[in-house]
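Each reported figure results from applying straightforward, stated rules to the coordinates on display, with no laboratory input. This one's a predicted model, so the numbers in the text were calculated from it and none came from an experiment. Neighbour counts are summed over all protein chains in view; Cβ atoms, including those assigned to glycine, are modelled from backbone coordinates with ideal geometry.
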Amino acid sequence: MNSIANTRDLFDGVGLAEPETVTIHDTINFRDNANGPFPDPQPFPLFEAQDVNQDDFAIMATGTLFITDPGIYTFGFNSDDGGGFYIDDEPVVVFDANRGSATSLASVDLSFGAHEMEFLFWERGGGAQCQLFVHNEKGDFAAAGFNVGNYHLLETSFVPSGDSDNDGLPDAWEEQFFDNLEQGPEDDPDNDGSTNMDEFERGTIPNDPDTDDDGLNDGVEDGSGTFVNSMMTGTNPKMADSDGDGLLDGVETNTGNFVSETDTGTNPHKTDTDEDLVSDGRELVLGTDPTVPQARPKGYVQDFDGFPDGTTDLDDGTVMYGTAASVVDGRLQLTRDGQGLGFSSFTIPTLEGSSGGWMATFDLEISDGPGANDPADGLSFNYGNFDLGIPGSAEEGMAAVDANDASPLVTENLSFEIDTWRNGDPEQGVNIAEKVEGEDINLEFINGRILDDGTSVSGPVTIVYDPVNGASFKTEGLLTNADFEDVPLTFVGDDSYNFGFSARVGGANQDVFIDNLVISLGSGAAPLQITEIEKEGDEITLTWNSKPNRVYLIERSEDMENGEIDANRDGNFGFWEEIDDGILSDGEFTSFTDQVPEGTRKIFWRVTDMGVAE
């Protein structure tokens, strides 16, 4: 027993060694030599006793859930080994692999009425337990992490669907929303253009004209997926942002002309109306026009701002893989502490010119809750001939995870790795590795802890591929930092190679966040680097690694995708605007203080070596 497929086969009679048993239980809360977060577990129905060390068995639980208050609900299960929870034959939350006791969470939008539930669980070997639960409140809490006090064990429920006045509306529905049976099917008490019968069938709220609070009445959101006019928007009346671009449906007027943040002119069915690979919501954050394509920077820039929590498609060609991977609070989350969700990845498509060299910079945060295991397991940043969307192998690069990985063989890869497992282990630390013609070669390694149990570490990461000088890898803020420069390589880059992060948790023991990712192209992409940025009031002090007797140029930009912003507030416009072209070197490091103009929402700086000082 190793998968959902094995479990379904078993209940179809494939490989069944002993007869099935059928029992009735109020909740899913069973154990055998393993423990979940909820108290008072019962023996598995098959065995009548706990701690009997049974292997290779499964359960299939079915029941009915009657929803009287429609909306989004968050469900989860904690299991050892794997399983899945389904509603109306659709997967809600699934962990399709073996694991120790860990939690999986997900949310789903449920309409009024009865829904059929199914829960599958299997045990491969060792300890076994499973618990199925739901959040105490309505809403999407899947990204918030698991706290047992916020959840209760899920029970089946049933409400009679009688219709004593024969009006086609269930009595329970009328009582829920009106406390009486006086409403008729063609009535429209909230004057939203949608009759009671329409609201019942579509799962909207009949006494709230705007169920999803997106600024559009339920009646105009016909759910067709096509915008006809302002009275037939085609949007989902139960989803405030139908296309997931960070803008409410009500502000996306589909006129093609941006007027204001409340009349964006964008299409509510397209994440990126102007198809410039920047989502409509993010363009508003950046201050650009979401109806006019912006010039793309040379390279890849992503700060993950402007995306709703839970976003998994940035609509820029990148691919997220894994249940844990999504945008949370304007950052990319790859693993979740306390949730054994396995491997995750974020892969970035080919960048023309990457074979000539590149530099990647990003902010990294790794956090581990107290107790349980030490932090685990790690992550890597990769450049190689892997496919977009493969999970990779986390702290071991971007190879296939196991023999079941159907991805084409990765034969060429350069990986920059951070291994958080296990504190005190001789293999833990930071390193650079390459794969050439299928052979793995470790190039540089520093052994040491990355973070202690129950703590958080964070800081900037700088990674360089230079086809002449080699690879460089520098981290800051970790307990053990990478500090590798110009490491010789056998690996040779290619413009057809993709970029990607891969991460995982084994014992469900760390959060990993990535932010402010910039991949800059060009040979020798890091002749110098900004090593420190300090802010005091409206002044920013930049420090970079410099050489004696040199002169440096400082430029600023407020938008790396748009040269139509006056970054210096001097009436001159340009992609980069000069601040000072005569900064003399202070030696190994040089600093410069810049005053940020009032009203600036975001700013970038560039330092250029202008040559020998006269």
Need the full-extension length gain, Asp483 to Phe47, defined as separation in residues times 0.36 nm minus the C-alpha distance. One decimal, nm.
151.4 nm
Give the peptides 171-184, 276-289 in descending order of average Cβ contacts within 10 Å, highest first.
276-289, 171-184
For the stretch 342-401, just the Cα atoms, rotate onto the principal axes and tell me the three extents in Å, largest first.
46, 25, 15
Based on the mean of other beta carbon atoms within 10 Å per residue, what is the order of 459-471, 57-69, most packed first?
459-471, 57-69
Just rank Val518, Val430, fewest to most, by other beta-carbon atoms within 10 angstrom.
Val518, Val430
Placing +1 at every Lys and Arg Cβ and -1 at every Asp and Glu Cβ, with all other atoms neutral, what dipole size does the stretch 299-521 have around its Cα centre, in debye to the nearest 20?
200 debye
Stokes-Einstein, Kirkwood over Cα pairs, the chain, 4 °C, 1.567 mPa s; D in µm²/s equals 48 µm²/s
Please give every one of the lysines within straight-line cross-link reach of Lys270, meaning a C-alpha to C-alpha distance under 22 Å, and leave out same-chain neighbours fewer than 8 residues apart.
Lys238
Under a crude label model (7 Å from the Cα following the beta-carbon direction), how far is Asn166 from Ala114 in nanometres?
2.2 nm
Past 27 Å, Cα to Cα, is the threshold; run Lys435/Lys547; Lys474/Lys547; Lys435/Lys474 against it and keep the listed order.
Lys435/Lys547
Express the relative contact order of the stretch 299-521 as a whole percentage, based on alpha carbon pairs under 8 Å and six or more residues apart in sequence.
33 percent
Square roots of five times the C-alpha gyration tensor eigenvalues of the stretch 299-521, ordered largest first and given in whole Å, equal 24, 20, 17
Overall dimensions of the stretch 4-153 by Cα: Rg and Dmax, Å:
15.0, 43
Please report, largest first and rounded to whole Å, the three semi-axes of the ellipsoid equivalent to the stretch 225-299, where each semi-axis is the square root of five times an eigenvalue of the C-alpha gyration tensor.
21, 12, 11
With -39,500 (n - 2.57) per DSSP H segment of 4 or more residues and division by the full residue count of the chain, the 222 nm estimate, nearest 500 deg cm²/dmol, is -1500 deg cm²/dmol
log10 I(q)/I(0), Debye, Cα-only the stretch 433-504, no solvent, q = 0.17, 0.24 Å⁻¹?
-0.79, -1.28
Cβ under 11 Å from Leu153's Cβ, Leu153 left aside: what net charge do those residues give with Lys, Arg +1 and Asp, Glu -1?
-3
Using Cα positions and a limit of under 21 Å, work out the lysines in reach of Lys602, with same-chain residues fewer than 8 apart set aside.
Lys298, Lys535
If you put +1 on each Lys and Arg Cβ and -1 on each Asp and Glu Cβ, how big is the dipole of the stretch 327-376 around its Cα centre, in Debye rounded to 20?
140 debye
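Determine by what factor the alpha-carbon radius of gyration of the stretch 227-351 differs from 2.2 N^0.38 Å, reporting the quotient.
Details: Rg = 15.4 Å, N = 125, 2.2 N^0.38 = 13.8 Å.
Normalised Rg, Cα atoms only: 1.11.
Order these by the 10 Å Cβ neighbour count, fewest first: Glu417, Glu437, Glu427.
Starting with the residue having the fewest Cβ neighbours, the order is Glu437, Glu427, Glu417.
If you count, for each residue, the other Cβ atoms within 10 Å and average over each peptide, how do 261-272, 579-590 line up from highest to lowest? Numbers along the way, then the final one.
On the way: 261-272: 20.4, 579-590: 13.6.
Going by the mean number of other Cβ atoms within 10 Å, highest first, we get 261-272, 579-590.
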Going toward the positive end of the dipole of the stretch 4-153, with +1 on Lys and Arg Cβ and -1 on Asp and Glu Cβ, which of Ala5, Gly100, Pro45 do you reach last?
Gly100
With the contact rule set at Cα under 8 Å and sequence spacing of 6 or more, what percent relative contact order holds for the chain?
10 percent
Exposure proxy order (Cβ contacts within 10 Å, fewest to most) of Ser326, Ser164, Ser3
Ser164, Ser3, Ser326
Using amide H atoms built 1.01 Å from N in the peptide plane, name the residues 5+ places from Ala325, or on other chains, whose amide H lies under 5 Å from its own.
none
